[in-house]
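Quick notes on the structure that follows.
The values are calculated or read from the model by the stated rules, or taken from the named source; none is laboratory data. Here the structure is a predicted model, which means the values were calculated and not measured. Heads up, the Cβs are rebuilt from the backbone with ideal geometry, glycines too, and the neighbour counts pull from every protein chain shown.
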Amino acid sequence: MSYDLRVFGSAIDVATLRAAIAVSGLEVESDGSEVLIVVRGARRRYSFSVGAPVLVEPEDVPAEVVAAVLGPTHLVEIGVEGSEESEIPHAVRAARRVAAAMGGAVLDPQTDEVFRRGRTRSSERVERGLVSIVDVTWYVRSQDDDPSRAAAAFVDAAERHLPEALPRRYGSYEPLQQRWADGGKDAFVSFVGAETTAVSTGGTGLVQSGTIGRARSRDPHVHSHGLTVLAEPLGDERWSRALEAMFLDFAQAVEAIYATAEVERGVEWSGRALWFGAEAEHSVYLAYKGRWHGLTPHPVWLSWFGREYAPLVRDHLPADTTVECDGGLLHKRSETPKDRDALDPAWLPPEYLAVPPEPGRWALMSTIPAAYLPATLRDAT
């Protein structure tokens, strides 16, 4: 049985890979396109083999690696034949050098341990003052949404794509009383299931907060879950791709009617907390008092259209920015988040869009329903 190591990180060419391996008495005997054979010592004894770098899809990166490495795109596999146990330490040291060259980490499948050098998931510090945020909202049917299931799906999506969104603290009122460190996923899911109101969460780094919603009005039809993220770090496409992947994953898991990720400008940032002053932008909320009002009246960075809306909007969206997904459509207006004024203003037919009232601070509370709503959502108005 061989001893295997997996290195995840950024792209690496064969020359750089060879240079990372061939130190401390090790030499690469062959550099074929598939496998590098590494030998050691004067006798050129076989030590281990190294596979060529291969592209890896985000869903194929283990959660423990996602927690350690931001946006890994490539995988290098290293193996030691079963009869050569004495060579394992040499392979491990080589794997760590390769990980350093790739800006990544080593996963040891035999022990499930992950090794990384330095901090590979830290985002740049956002200076105090007026900042932009990305407000993420997933709209769901209240009768179909089980809060415990939504909480579990939220954790799963965060672990797969954006661990910073995990609920470091959570609760139904401020200051948040519960701690992720005390019970992890099971405690969080149990807490959400037992509550009768929405549960707020506090994230890490660029992720400031989140919400696992719950229907509140007497005759609810639609409610939402949410996430608030500092926009500046998302200028790095590795961060924006991670948020996009979580956005899609969770939208599919909760069978969202519609979901948006929108830049809001002019939000006050103290370095620790956000608050909305008089000049801050607000997203239009589309399910006030549990009633469905239609799609956003202007383009946003990311949109998810569920099964009711996908057939209606498919032909109105550019094919090169829209992806067919299981259960709906994902539409992305730009690679990294842009505010509404920087996006192409061409949007969807006006009859599908919620109608905002006169501009004002409380516009988010009084949207007028769209002229046309899918049949299955007409009772939700």
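State the number of residues belonging to segment 320-338 that are touching a residue at least 24 places away in the same chain (Cβ under 8 Å), touching a Lys or Arg at 6+ places or on another chain (Cβ under 8 Å) and buried (at least 17 other Cβ atoms within 10 Å of the Cβ).
Result for segment 320-338: 2.
Of all residues in segment 23-37, how many are among the charged types (D, E, K, R), at pLDDT below 90 and surrounded by 10 or more Cβ atoms within 10 Å (Cβ to Cβ)?
Of the residues in segment 23-37, 2 are among the charged types (D, E, K, R), at pLDDT below 90 and surrounded by 10 or more Cβ atoms within 10 Å (Cβ to Cβ).
List every residue pair whose Cβ atoms sit under 6 Å apart, with the two residues 6 or more apart in sequence or on different chains, where the first one lies in segment 305-319 and is assigned by TED's automatic domain parsing to the domain that holds Thr260 and the second, anywhere, is among the aromatic types (Phe, Trp, Tyr).
From residues that are assigned by TED's automatic domain parsing to the domain that holds Thr260, the pairs are Val313/Phe305.
Considering only segment 38-47, I want to know if a residue exists there that is on the phi > 0 side of the Ramachandran plot and either in a helix (DSSP H, G or I) or in contact (Cβ under 8 Å) with a residue 40 or more places away in the chain (or both).
The answer is no; no qualifying residue exists.
Restricting segment 38-59 to residues that are surrounded by fewer than 16 Cβ atoms within 10 Å (Cβ to Cβ) and at pLDDT 95 or above, which is farthest from Ser83 (Cα to Cα)?
Out of the qualifying residues, it is Leu55.
Name the single residue, out of those in segment 1-18 being modelled with pLDDT under 95 and closer than 16 Å to Thr111 by Cβ, that is surrounded by the fewest Cβ atoms within 10 Å (Cβ to Cβ).
Checking each candidate, the answer is Met1.
When only residues in segment 71-100 that are more than 25 Å from the chain's Cα centre (by Cα) and in a loop (DSSP other than H, G, I, E, B) count, which is surrounded by the most Cβ atoms within 10 Å (Cβ to Cβ)?
Checked segment 71-100; the qualifying residue surrounded by the most Cβ atoms within 10 Å (Cβ to Cβ) is Glu84.
What are the residues in segment 98-130 that are small (Gly, Ala, Ser) and within 29 Å of Ala231 (Cβ to Cβ), if any?
Residues satisfying the conditions are Gly103, Gly104, Ala105, Gly118, Ser122, Ser123, Gly129.
Can you pull out the residues in segment 10-26 that are of a type in the set (Ser, Thr, Tyr) and out of contact with any strand residue (DSSP E or B) (no Cβ under 8 Å at 6 or more places or on another chain)?
The answer is Thr16, Ser24.
Quick check on this structure: which one of Pro53, Pro109, Pro72 is in contact (Cβ under 8 Å) with a residue 40 or more places away in the chain and under 23 Å from Leu243 (Cβ atoms)?
Selected residue: Pro72, the only one of Pro53, Pro109, Pro72 that is in contact (Cβ under 8 Å) with a residue 40 or more places away in the chain and under 23 Å from Leu243 (Cβ atoms).
What is the residue count in segment 252-272 for residues that are within 21 Å of the chain's Cα centre (by Cα) and in a loop (DSSP other than H, G, I, E, B)?
4
Would you check which residues across segment 134-185 are among the hydroxyl-bearing types (Ser, Thr, Tyr) and either part of a strand (DSSP E or B) or crowded, with 22+ Cβ neighbours inside 10 Å (or both) and list them?
Thr137, Tyr139, Tyr170
Failed condition for Leu330, given (1) in a loop (DSSP other than H, G, I, E, B); (2) in contact with an Asp or Glu (Cβ under 9 Å, 6 or more places away or on another chain); (3) closer than 27 Å to Ala215 by Cβ, with all others met?
The failed condition is (1).
Examine segment 239-260 for a residue that is closer than 23 Å to Leu286 by Cβ and modelled with pLDDT under 95, and state whether such a residue exists.
no
For segment 282-315, name all the residues that are in a loop (DSSP other than H, G, I, E, B), touching a Pro at 6+ places or on another chain (Cβ under 8 Å) and more than 22 Å from Arg340 (Cα to Cα).
Within segment 282-315, Arg291, Trp292, Glu308 qualify.
Looking at segment 286-294, can you tell me whether even one residue there is in contact with a Leu (Cβ under 9 Å, 6 or more places away or on another chain) and among the hydroxyl-bearing types (Ser, Thr, Tyr)?
yes
Condition (residue is modelled with pLDDT of 95 or more, closer than 17 Å to Trp239 by Cβ and in a loop (DSSP other than H, G, I, E, B)) applied to segment 112-124: is it met by at least one residue?
no
Using beta carbons and a limit of 7 Å, which pairs, at least six apart or on different chains, have the first residue in segment 78-104 and under 15 Å from Val28 (Cβ atoms) and the second one basic (Lys, Arg)?
Cβ pairs passing all conditions: His90/Arg40.
All but one of (1) among the charged types (D, E, K, R); (2) in the same structural domain as Ile21 (by TED's automatic domain parsing); (3) modelled with pLDDT of 95 or more hold for Asp135, so report the exception by its number.
(2)
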